[in-house]
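A quick write-up on the structure given underneath.
The values are calculated or read from the model by the stated rules, or taken from the named source; none is laboratory data. Fair warning: this is a prediction, and the values are worked out from it, not measured in the lab. Virtual Cβ from ideal backbone geometry, glycine too; neighbours counted across all protein chains shown. The protein model used for the area step is the full one, side chains on, heavy atoms only, and it has no ligands, DNA or RNA in it. Shrake-Rupley method; radii C 1.70, N 1.55, O 1.52, S 1.80 Å.
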Amino acid sequence: MQEISEAIKAAVKDLFNVDVEPVLTRPDEQFGDFATNVALQLAKKLNKNPRVIAQQLADKIQSDTIAKTEVAGPGFINICLSDNYLIEQALDQKIAQPLKDQEILVEFGDPNPFKEMHIGHLYSSIVGDAISSLFEANGAEVRRVCYQGDVGLHVAKWLWGVHQELGWDDAAVAKLRDLPHTGIGYYYSLGAKAYEENTEAKTEIDVINTKVYSKEDPQLNKIYELGKRLSFDKFQDIFDLLGIAYKKQYLESQSVEIGLKYVKENTGKVFTHSQGAVIYEGEKVGLHTRVFVTSKGLPTYETKDLGLTELKNTDYPNAARSIIITANEQSEYFKVMLAALSEIDKPLADKTTHLAHGFLSLSSGKMSSRTGDVYGATNLLNLVQNEVKQQYPDTNPENETYLAAIKYAFLKHRLGSDVTVDIKESVSLQGNSGPYLQYAHARACSILAKSPLQGQSKLQGQTLQEGERGLVRKIGEYPEVIEKAAAELMPHHVCMYLYELAQTFNRFYENNKVIGDSRQAGRLQMVKAYADTLKNGLTLLNIPAPEKM
């Protein structure tokens, strides 16, 4: 792609003495391999008819990679690549490494202890891991990090629920040790509901919240530490299952004092007092006002997040970017927090980006963690696994299929849009699903197993036939798709490409005999390149690519 762009730039410079950055697009195959509207870009500047400019450029553009150029429409130039170049691109897929030597932090997942990990956290974890892998494929050094709220009102609600049901004596501790993770969510739900409906309970929970920060109650501390450990153990089980490993875990209890220091040092400059609280007046930058320290002197999420940015910066001072992935309901919150940070440390704020994803739902609709009414991550994992067992009882190992179903069902949607998961559709071997792509890879492997490749490539130097050319062309698009997906922070581009690639192969295989054909050697090379590309794409998405299904 870069060679073609350079050839166009050189032709424009020679003909018109103008520097230009041409935009290349992928038209339907019948029109060519690339198209550019550079003539339309130049028409106004040169005061010439764009079609005349296009024809001049089409006659001038020269490159060993280009077989022919044609003018179309009001001034588009369609470019057809040489068969040798297409074959080279398909067999030697090199991503340009535009992020080489960059260190990038990606924070995602962030399930809070003392609550059940819900499907929103599962979505964030899978999306964040895929974006991290995209950065790595483009040459970056990625640090996957997680930030979890081990202090705050939700902790107090959980402790209150435990106290009501079990008390805080040693017998309660013994019962909690055997608690399933769903039980964690149950006690939080008790406290969350009471906090909203019972004035006396609300007062009690507020008192507990201050004790969590002060650590003045030894027995409460014992229950607290046990609950935190149980939560993290269960989270780790899920991350291990998903194949996600974090470089570093940050806790709100670590960021509190740093955040409070930030606020204290900048009160009167960035922050102001209001009715006993410390606030940031977001209206001055077109946003809204938010509290950073309550009238009781307790820090809010905003203050803790300020502290987190400094913690990250201390641990990774050379990081070029810091990406934070959460649900889009937190978008306005992050705008205010980053606006305040910008007044304190603009370079740190400038390299920090909040990336929002949409709501994830099933037939039960939107989740609500405030009330404890959530659809647990474990529930969804079990539901999909059971569906796989029912539809494919002989699948081995079954976890490869159900994890592929879940991950792909999340990742195939454009990041930022709301996602509704259809369980049956997600595990289907028909249509745009993870198991379908796994089956497509296994099918290609079975073809290769019938007649293993021998010797060097049989493709170089061949003239491609119609069906062959379409497949080779599609395989060669992989690097540019990976570069685009990383640049736009959109993993769904990879999913779309892999699905289109599988469909392209199906058309090829239906109309072109492989085993036993006179062109067998070259076509097997195509099948191998196709299988490798499918596997590379699935692996990047952290989806297994089995050789048999």
Does V291 satisfy being more than 23 Å from T203 (Cα to Cα) and either out of contact with any Pro (no Cβ under 9 Å at 6 or more places or on another chain) or open to solvent by less than 50 Å² (accessible area, probe 1.4 Å) (or both)?
no
Residue check: is I8 farther than 24 Å from P98 by Cβ and either modelled with pLDDT of 90 or more or surrounded by fewer than 17 Cβ atoms within 10 Å (Cβ to Cβ) (or both)?
no
Residue selected from the stretch 400-448 under the condition more than 21 Å from the chain's Cα centre (by Cα) and polar (S, T, N, Q), by the criterion surrounded by the fewest Cβ atoms within 10 Å (Cβ to Cβ):
Q430
Would you pick out the residues in the stretch 233-253 that are surrounded by fewer than 17 Cβ atoms within 10 Å (Cβ to Cβ), assigned to a helix (DSSP H, G or I) and not acidic (D, E)?
Q236, L241
Can you find a residue in the stretch 72-86 that is closer than 30 Å to Y478 by Cα, part of a helix (DSSP H, G or I) and open to solvent by 30 Å² or more (accessible area, probe 1.4 Å)?
yes
Residue that is surrounded by the fewest Cβ atoms within 10 Å (Cβ to Cβ) [pool: residues in the stretch 193-206 that are touching a residue at least 24 places away in the same chain (Cβ under 8 Å) and not acidic (D, E)]
K193
Say we look at the stretch 503-521 and pick out the residues that are part of a loop (DSSP other than H, G, I, E, B) and polar (S, T, N, Q); which of these is surrounded by the most Cβ atoms within 10 Å (Cβ to Cβ)?
N512
Only listed residue being touching a strand residue (DSSP E or B) at 6+ places or on another chain (Cβ under 8 Å) and in a helix (DSSP H, G or I), chosen from Q55, Q41:
Q55
Residue in the stretch 302-320 that is in a loop (DSSP other than H, G, I, E, B), in contact with an Asp or Glu (Cβ under 7 Å, 6 or more places away or on another chain) and open to solvent by 60 Å² or more (accessible area, probe 1.4 Å) present:
yes
Can you find, within the stretch 1-38, the residue that is farthest from D83 (Cα to Cα) among those that are free of Cβ contacts under 8 Å to residues at least 12 places away in the same chain and part of a loop (DSSP other than H, G, I, E, B)?
N17
Determine which member of the set T182, T210, T203 is part of a helix (DSSP H, G or I) and modelled with pLDDT under 90.
T182
Limited to the stretch 159-179, what total is found for residues that are open to solvent by less than 70 Å² (accessible area, probe 1.4 Å), outside any loop (DSSP other than H, G, I, E, B) and of a type outside the set (G, A, S)?
5
Are there any pairs, at least 6 apart or on different chains, whose C-beta atoms fall under 6 Å, with the first in the stretch 117-131 and at negative phi and the second of a type in the set (S, T, N, Q) and modelled with pLDDT of 95 or more, and if so, which?
D129/N542
Residue, farthest from E136 (Cα to Cα), within the stretch 449-466, restricted to residues that are open to solvent by less than 30 Å² (accessible area, probe 1.4 Å) and of a type outside the set (S, T, N, Q)
L464
Would you tally the residues in the stretch 108-158 being more than 17 Å from the chain's Cα centre (by Cα) and part of a helix (DSSP H, G or I)?
6
Starting from residues that are open to solvent by 80 Å² or more (accessible area, probe 1.4 Å) and under 14 Å from Q2 (Cα atoms), keep the ones in the stretch 51-67 and report whichever is farthest from the chain's Cα centre (by Cα).
Q62
